[in-house]
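The values are calculated or read from the model by the stated rules, or taken from the named source; none is laboratory data. Everything numeric in this text was worked out from a predicted model, so none of it was measured. Cβ placement follows ideal geometry from the backbone for every residue including glycine, while neighbour counts extend to all protein chains displayed. These area figures cover heavy atoms from the full protein model, side chains too; ligands, DNA and RNA do not enter into them. Shrake-Rupley method; radii C 1.70, N 1.55, O 1.52, S 1.80 Å.
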Amino acid sequence: MSNTFKASRFKQRQLLTAIACASLSHAVCAEPGQAESVLIVTKPAPEVLDHSVQQSPAVIDMLRAATNDSASLLRDMPGVSLNGAGGVSSLPSIRGLADDRLRIKVDGMDLIAACPNHMNPPLSYVEPSNIGLMKVYAGISPVSVGGDSIGGTIIVEKPEPEFAHAGNDSITKGEVGAFYRSNNDAVGGHLSATHATEDLSINYSGSWSKADNYTAGADFKDFVETGTLGHTLSLDEVGSTAYETQNHALGLAFKAGDNVFESRFSYQDMPEQLYPNQRMDLLENTQKLANLTWTRNFNWGVMEAAAYHETVDHFMDFGADKRFWYGALSNTPDPTVGVPCSPIGFMVDGMMNTCAAGMPMYSESENTGLSLKADINLNSDRLLRVGTELQRYRLDDYWTASGGGMGPDTFLNINNGQRDRAALFAELESKHDARWTTLMGVRYERVRMDADEVHGYSMMANQGAESATFNAQDRSQTDDNIDVTALARYQYSDQLDIEMGLARKVRSPNLYERYTWSSWAMAATMNNFVGDGNGYVGDVNLEPETAYTLSTTFDWHAADRSWNVTATPFYTHVDNYIDAVALPAWGDDQFNVLQYANQSARLYGIDLSAQVPLGSNAWGQWGFKGVINYTNGENRDTGDALYNVMPLNGSFTLTHQKAGWDNAVEWVVVDSKKDGSDVRNEIDTSGYSLLNLRSSHSWNQVRLDLGVENLFDRSYALPTGGAYTGQGRTMSINGIPWGIAVPGMGRSAYIGINVQF
């Protein structure tokens, strides 16, 4: 029994080493004694009952040239889909639950979107060229990696630090890369450099990318106006999809005996990321982040400690494709086009001479976290994990006066918002015999939230009365949340494993769900992180969401894992699901103001995946892999469908390898979406299929990537891309056409090259 357990751990460590080597150069994995021998220090290997699915490093390498959106690297994983947003900021969804309903850990940190439109989600700070590990816990996540989430966990980590082998010379190495994509003229590059001795490793990584608006496969709208004089968009151009971003990171790692210390300092400057499904655009986002970790191996196990501090300064206004000038003075000579005007005039000063220059919106946040975790080997068949986590988060969201109805005061959307978490967890992993392994865990979290008093631009549009009502409430909220996870794996035979899971997961509302207060349409539409074009109002008294999930995974495979087929049916019931309810003046086929409310929901479905070698011949080695996902979500109180649930979809890939070439033909198929959320007036979309081609060739120090996305230039709408609000008079809730879904990108060829030195 104990020998089986130890052998499994040893094999998994071997697998991790092989994966790390596969993602680096041949020189990196050289044997001791060679001139450039490198030691890669990995974190403890996953234990026997780690039911996460890890994205293949080969897939990550192949997709890096095709995208700057790190979330899209997960697109072919079972249960995962993407909710459309900006060009580098799509939101991953697991079985119909997305965004804050997932725990997304970046290098062990819990990063939070500091924006009323969630334009800066955690994965937007990670450049694809600097990712070493991506894995997904779908639905049921162990309490050691879960918490304050109900849909699952996504873990993304940078490459592990490298050290020279004992007795070898120091190592100096690096990589430089560049890419180009044809559809939106996207260009960019990255650079990394490492210097390492036996005990010290220093690494720098930097990246830059820029893209224009992309075009759809065909015309998808019947208007070209943007609300700006002299600026129009063609009928197939998807407005507000351009972006520019740069990321820099400096990492230091030091070994002292059994201790490994790591520090990482990163900086992001994003001067522009426009949004086709939001009324505002990101026009500056600056993140500064420091992350410190310590790991030590003991005779009894491993201890890890971490601390991080993050500041974010975020600015939004109307980008080039949306009307910027408003007010009576901007309406001459054509009231449908905003022309520059002066002087700035406010509606409270007189209705005849108003002039408004955009709508500046600022979000500033501080995020500090601490964690301590220990893996304790009770014996050869029992592993105990215990840990504690602390997080302190502060947010100010305010909109300065700019004219028209926006002034003369500053609109305080969230004033000194506070969200603090303290957690304790324990889980026991047990190998009972050669066939049975179990994982049982419990997690307790206390979430404290509060916000200071607010006020609007003025007393107009009921801002005075609503702010007074909000200020009179007891805004301090404390949630005591308990998660429980039970997993069991049964090895039925050498070719069939069965894993069963049951979990209770709890998530407290975020600051925008609890503390946004104005139902004034212009203000409410600025508070929207689901991209449906509607406006949203918070509720201080929202209860935490509590999800109960049951799932079973059947894993058929060859004894040597050369092929595998998995099927995972699941069912989730959510008490106090935070959905939306209509406010007065709600109407069909238009954008409306909604309010967050606790209701009941259920989701069920199945994830299927397969990977099979097809054989070898004179043409090379052939293989097949496929994924099929189906999720059905319903509001149990109203019978309405849940919003942004991906319809039945699948991806099927034929792979080929020969003489350094790695090729793939991918067929993506998505069903139509005809039964969306009625309260949100969710837009129906038609089914579609796409064909993507990818190819790469690796030499000793050079890698070339080529490909074509959407080979046949198909025109299609994104089922979870939201409503098109990418151009025009977006400040007015129904000043833009309703009923246009954001289209996907038309045909795009790309090329990328990486050179190691």
Checklist entry - Taking the range 563-598 on its own, how many of its residues are of a type outside the set (Phe, Trp, Tyr), surrounded by fewer than 20 Cβ atoms within 10 Å (Cβ to Cβ), part of a loop (DSSP other than H, G, I, E, B) and at pLDDT 95 or above? => result 5
Checklist outcome for this item: Apart from one, (1) open to solvent by 60 Å² or more (accessible area, probe 1.4 Å); (2) among the aliphatic types (A, V, I, L, M); (3) farther than 30 Å from Met440 by Cα all hold for Leu428; the odd one out is (3)
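For every residue, the table says whether it meets (1) small (Gly, Ala, Ser); (2) open to solvent by 20 Å² or more (accessible area, probe 1.4 Å).
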{"residue": "Ala65", "(1), (2)": "yes, no"}
{"residue": "Leu74", "(1), (2)": "no, no"}
{"residue": "Gly79", "(1), (2)": "yes, no"}
{"residue": "Gly84", "(1), (2)": "yes, yes"}
{"residue": "Leu91", "(1), (2)": "no, no"}
{"residue": "Gly96", "(1), (2)": "yes, no"}
{"residue": "Asp100", "(1), (2)": "no, yes"}
{"residue": "Asp107", "(1), (2)": "no, yes"}
{"residue": "Leu111", "(1), (2)": "no, no"}
Checklist entry - Under the condition of being of a type in the set (Gly, Ala, Ser) and not in a strand (DSSP E or B), which residue from the range 432-457 is surrounded by the most Cβ atoms within 10 Å (Cβ to Cβ)? => result Ala451
Checklist entry - In the range 625-651, which residue that is within 20 Å of the chain's Cα centre (by Cα) and not in a strand (DSSP E or B) is surrounded by the fewest Cβ atoms within 10 Å (Cβ to Cβ)? => result Pro647
Checklist entry - Of these, Gly707, Gly676, which one is in contact with a strand residue (DSSP E or B) (Cβ under 6 Å, 6 or more places away or on another chain) and either more than 23 Å from Met646 (Cβ to Cβ) or not in a loop (DSSP other than H, G, I, E, B) (or both)? => result Gly707
Checklist entry - Among the residues of the range 327-335, is there at least one that is in contact (Cβ under 8 Å) with a residue 24 or more places away in the chain and closer than 13 Å to Met731 by Cα? => result yes
Checklist outcome for this item: Residue hits (the range 710-735; under 14 Å from Phe223 (Cα atoms) and either outside any loop (DSSP other than H, G, I, E, B) or without any contact (Cβ under 8 Å) to a residue 60 or more places away in the chain (or both)) are Gly728, Gly735
Checklist outcome for this item: Across (1) farther than 30 Å from His51 by Cα; (2) touching a residue at least 12 places away in the same chain (Cβ under 8 Å), Val530 clears everything bar (1)
Checklist entry - If you go through the range 292-307 one residue at a time, do you hit one that is aromatic (Phe, Trp, Tyr) and assigned to a loop (DSSP other than H, G, I, E, B)? => result yes
Next on the checklist: Condition check: touching a residue at least 24 places away in the same chain (Cβ under 8 Å), within 14 Å of Leu250 (Cα to Cα) and part of a strand (DSSP E or B). Does Gly188 satisfy that?
Outcome noted: no
Checklist outcome for this item: Residue pairs within 6 Å by beta carbon, gap of at least six or interchain, first lying in the range 740-756 and open to solvent by 40 Å² or more (accessible area, probe 1.4 Å), second at pLDDT 95 or above and among the hydroxyl-bearing types (Ser, Thr, Tyr), listed first then second, are Met745/Tyr214; Ala749/Ser182; Ile751/Tyr180
Next on the checklist: I need the full set of residues from the range 220-246 which are of a type outside the set (Phe, Trp, Tyr), part of a loop (DSSP other than H, G, I, E, B) and in contact (Cβ under 8 Å) with a residue 24 or more places away in the chain, in order please.
Outcome noted: Lys221, Leu229, Leu233, Asp236, Val238, Gly239, Ser240, Thr241, Ala242
Item to check | Complete set of residues in the range 342-370 that are touching a Gly at 6+ places or on another chain (Cβ under 8 Å) and either part of a helix (DSSP H, G or I) or open to solvent by less than 20 Å² (accessible area, probe 1.4 Å) (or both) | outcome: Gly345, Met347, Val348, Thr354, Cys355, Ala356
Checklist entry - Can you name the condition, by its number, that Gly174 falls short on among (1) within 24 Å of the chain's Cα centre (by Cα); (2) open to solvent by less than 40 Å² (accessible area, probe 1.4 Å); (3) under 30 Å from Gly707 (Cα atoms)? => result (1)
Checklist outcome for this item: Of those in the range 587-606 that are touching a strand residue (DSSP E or B) at 6+ places or on another chain (Cβ under 6 Å) and among the hydrophobic types (A, V, I, L, M, F, W, C), the residue farthest from Val537 (Cα to Cα) is Ile606
Checklist entry - Yes or no: Leu390 open to solvent by 60 Å² or more (accessible area, probe 1.4 Å), among the aliphatic types (A, V, I, L, M), free of Cβ contacts under 8 Å to residues at least 40 places away in the same chain and outside any loop (DSSP other than H, G, I, E, B)? => result yes
Checklist entry - Could you give every pair whose Cβ atoms fall below 9 Å, whose first residue belongs to the range 292-304 and is farther than 11 Å from Ser371 by Cβ, and whose second residue is among the hydrophobic types (A, V, I, L, M, F, W, C) and modelled with pLDDT under 95, counting only separations of at least 6 or pairs across chains? => result Thr295/Val41
